[in-house]
Ligand code: NAI
């Protein structure tokens, strides 16, 4: 079994929020990290000598597949890139863009990563959501994409399991990131979220990163096809 220092981790959406925090989690543990995303040199991008940030649109399917295929080694793929377009998602173009970014690109990244992961007995962790469980009239494409992520995770968990590649997901609740800062700044929306969250606070991106780290670790060697809520109990209410 390889040590964490020998591992290479690829994180889509690694340039902000949960993905950036996950990149730092792995880098602090000693792994080498490639963080793909938009605004790769921006304010939210993680800074660490073992993290390389690369500007790449996951909807550029050819570039995504080529970039992954050309990696010399890959031990874990974390699919964290995600967007919401809110009510615009009722328009066909925005609907397709959200589905492509949040779901189709996850399949494409996973297929491109598979040869590497088979070689290294690696793993994939996808980022689902509480909208994997609930519908949302405010963001129908986001909710559909996150519902799809759960079934994609369960399907791919069967695909390579006999060859030692595990596929799992985390389902974050309300986490303080650039994606959610509009909601956090809205006192009414924020109060509604906090009153329904048994732990009565927003989660930290590092708390999601820690569970992703666990799922990629030898401690999770028999965990496959699982979707782990990281939501302060939101789903229990
Ligand atoms: P964020 O906005 O801070 O980060 C999103 C990341 O995705 C950024 O690195 C961005 O560059 C990347 N990205 C977006 N479109 C892309 C594209 N076309 N190509 C490449 N990269 C792209 O958001 P956050 O909150 O960190 O979200 C990360 C994941 O967690 C997403 O999948 C989101 O749906 C999920 N999530 C977030 C929750 C929250 O409360 N913040 C709750 C549940 C799930």
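Here are a few things to note about the model shown:
- Entirely in region 156-237, the helices (runs of 4 or more DSSP H) that have 3 or more residues that are in contact with a strand residue (DSSP E or B) (Cβ under 9 Å, 6 or more places away or on another chain) and touching a residue at least 40 places away in the same chain (Cβ under 8 Å): 205-216
- Single unsatisfied condition, residue 184 versus (1) within 14 Å of the ligand (Cβ to nearest atom); (2) surrounded by 19 or more Cβ atoms within 10 Å (Cβ to Cβ): (2)
- Verdict on residue 12 being within 8 Å of the ligand (Cβ to nearest atom) and either in contact with a helix residue (DSSP H, G or I) (Cβ under 6 Å, 6 or more places away or on another chain) or in contact (Cβ under 8 Å) with a residue 60 or more places away in the chain (or both): yes
- Residue within region 15-34 that is at positive phi, touching a helix residue (DSSP H, G or I) at 6+ places or on another chain (Cβ under 7 Å) and within 11 Å of the ligand (Cβ to nearest atom) present: yes
- Subset of region 53-76 (residues that are within 14 Å of the ligand (Cβ to nearest atom) and touching a residue at least 12 places away in the same chain (Cβ under 8 Å)): 53, 54, 55, 56, 57, 58, 59, 61, 64, 65, 67, 68
- Candidate set from region 38-52 (those that are assigned to a loop (DSSP other than H, G, I, E, B) and within 18 Å of residue 25 (Cβ to Cβ)); member that is farthest from the ligand (Cβ to nearest atom): 49
None of the figures in this text is laboratory data; all of them are computed from the coordinates on show. This is a predicted model, so every value here is computed, not measured. Ideal geometry is used to build each Cβ from the backbone, glycine not excepted, and the neighbour counts take in all protein chains shown.
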